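Taking it in order: structure first as structure tokens, then the write-up.
Derivation of every value follows stated rules applied to the coordinates shown; laboratory data play no part. Because the structure is a prediction, the values reported are computed rather than measured. Every residue, glycine among them, receives a Cβ derived from its backbone with ideal geometry; neighbour counts consider all protein chains shown.
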Amino acid sequence: MSGDPVSRLLATARGDAVEEPFRVTGVMMQYYYVCERELWFESRNVEIDRENASVARGTRVDESSYGERSQENLRVGMISLDLLDDGRVVEVKPSSALTEPARMQLSYYLWYLDRVMGVQRDGVLAHPTERRREDVQLNEERREKVKSAIRGIHGVVTGDSPPEAVEKSYCESCAYHDFCWV
Ligand code: SF4
């Protein structure tokens, strides 16, 4: 494949004729920061019990648990996000254990809205079980980090084999545990 992945992603998202379309979902952005090897498995559609694994590891939460203000789910091209009634994009996570992956997922949504839709929004990262929330804004540093992650994701998902397994505290509850450590 050729061309800058960021340019190809933007062209794909805008519906331009692209020889080799490239898509990144919010979940892919999250996985890139959780574990590149997991991202690779996910990109190959390796069959696992994803729901149970995500719940066990705390990367997914029932959206109704946010419960403080009404939400609207919006599907925009390759991303699907939740809006609070004040227009901010909200990402809900059950615990702050994996905050940076969630922060990057949210930053990607803000970047995508800005670059593809021309819509500027702020975000909020909510941890309802901890009664904690964090404002996330798309500053220059975050923009650069999102673009660098898109290029990194491209490198991982186009690889012929998965990146080496690197042990992490949450491997035990990962859906791909047996592919790495058995
Ligand atoms: S078990 Fe650990 S190294 Fe393997 S995919 Fe999961 S998080 Fe990554």
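In the condition set (1) more than 21 Å from residue 72 (Cβ to Cβ); (2) free of Cβ contacts under 8 Å to residues at least 40 places away in the same chain; (3) surrounded by 13 or more Cβ atoms within 10 Å (Cβ to Cβ), residue 178 is compliant with all but (3). Selection over segment 138-182 of residues that are of a type outside the set (A, V, I, L, M, F, W, C) and in contact with a Phe, Trp or Tyr (Cβ under 7 Å, 6 or more places away or on another chain) gives a count of 7.
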